[in-house]
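Report on the structure given below.
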Amino acid sequence: MKKILLIAVLAFSFGAYAQIEPKFEKDGNMIKATYYHANGEISQQGYFLNEKLQGKWKMFNEDGDKIAVGNYDKGIKTGKWVFWEGDTVKEVSFDNNKIASVEQIDSKKSIVTNR
């Protein structure tokens, strides 16, 4: 039993070290942030201004495929965000961090709108 517990603790600790630290780079008056999945692929990429999310942010799955893109203004979701899931694309409009409308597009079917 002790051996199993020791192996589990060691496996967990090695797994914790396998995670990739985020990367932060100064870009003018903003900070460009890149976060990674455990496999090394980029998870999220975007900017901070005064410690708040600012401008375009992109999100990716573990395979490196883009799954979302949208904009922040002083840490608040704003404007049109696009989300990809298989053959489905959702365009979500945000107004002051709240969903204003959702439009779903299936590349194999017609457009479905929820406004």
| said: What pairs come out if I take residues in the stretch 20-33 that are modelled with pLDDT under 95 and pair them with residues that are hydrophobic (A, V, I, L, M, F, W, C) whose C-beta lies under 8 Å away, six or more apart or interchain? | reply: Ile20/Ala38
| note | The residue that is surrounded by the most Cβ atoms within 10 Å (Cβ to Cβ), considering only those in the stretch 61-92 that are part of a loop (DSSP other than H, G, I, E, B) and more than 12 Å from the chain's Cα centre (by Cα), is Gly75
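Could you list all residues from the stretch 93-106 that are under 25 Å from Glu51 (Cα atoms) and surrounded by 16 or more Cβ atoms within 10 Å (Cβ to Cβ)?
Within the stretch 93-106, the first condition is being under 25 Å from Glu51 (Cα atoms), and the residues that meet it are 93-99.
If the condition is that a residue be under 25 Å from Glu51 (Cα atoms) and surrounded by 16 or more Cβ atoms within 10 Å (Cβ to Cβ), then Ser93, Phe94 are the ones that fit.
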| Is it the case that Gln104 is assigned to a strand (DSSP E or B) and at pLDDT below 95? | yes
| request: Find the residue count for the stretch 24-56, including only residues that are surrounded by 13 or more Cβ atoms within 10 Å (Cβ to Cβ) and not in a strand (DSSP E or B). | output: 2
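The values are calculated or read from the model by the stated rules, or taken from the named source; none is laboratory data. Quick caveat: nothing in here was measured; it's all calculated off a predicted structure. All Cβ positions, even for glycine, are placed from backbone atoms using ideal geometry, and neighbour counts span all protein chains on display.
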